[in-house]
Every structure is written in C-alpha cells, then in structure tokens.
Amino acid sequence: MTAGNLVEQIDAHSNADALSALRGAERFMMDLYDCQELVAREMADIRRSYRPVLDAVAKAGRMGGARAGDGAGPVRRPWQG
C-alpha cells in the first residue's frame with residue numbers, strides 16, 4: 001500500500017440516514033411528522049451533495065473518484081496488498 005492513500009471509503013450517510021445522524025433519531029422522527037416539506041427539501045439537498053462530497057474525499061485520499069469501487073479507479077483495499 002502506498003503511503004498517503006485512504007484504505008477504505010468513509011462511512012457516508014445518505015438521505016434520511018444523514019438527517020438522522022445530524023438531528024438525532026428522535027428529533028428526526030419528530031421532524032418527519034412536524035415538517036415533512038422541510039425534510040423533503042433537506043433530503044434533496046443531501047442527494048445533490050452526496051456525489052461531490054464522495055468525489056472530494058476520494059480525491060483527497062487518492063482513491064480514484066466516488067465510482068472507484070465499481071472499477072472506475074484504483075481503490076486500495078488492505079487485502080489487495
């Protein structure tokens with residue numbers, strides 16, 4: 001393994017999982033009930049930012065891009081040497 005590379009992808013949250021992580025599960029459940037339109041808008045924002053964030057992390061870790069796991073770039077995995 002080359003020094004300076006990330007070994008694995010980050011634990012990326014998407015959609016409702018991201019909002020739950022930000023707000024806490026209990027508050028997020030209340031948000032779903034109390035402000036459905038706001039939750040829908042925030043989920044759309046998360047979906048729009050998801051790919052650029054993964055690309056930035058992949059670039060910083062020299063992983064080859066967010067699609068690296070699908071063969072589009074060199075992802076270094078510990079078991080691949």
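What follows is calculated from the coordinates using simple rules that are stated; it is not laboratory data. Values in this document were obtained by computation on a predicted structure and should not be read as measured data. Positions of Cβ are backbone-derived with ideal geometry, glycine not excepted, and every protein chain shown enters the neighbour counts.
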Worksheet, complete the sentence: Net charge (Lys, Arg +1; Asp, Glu -1) of residues whose beta-carbon lies under 14 Å from that of Ala44, Ala44 excluded, is +1
Response to the item:
Here, Ala40 and Ala25, labelled 7 Å along Cα→Cβ, have an inter-label distance in nm of 2.6 nm
Worksheet item: By the gyration tensor of its Cα atoms, with a ≥ b ≥ c the square roots of the eigenvalues, what is the shape of the stretch 14-59: rounded for a/c under 1.5, prolate for a/b over b/c, or oblate?
Response: oblate
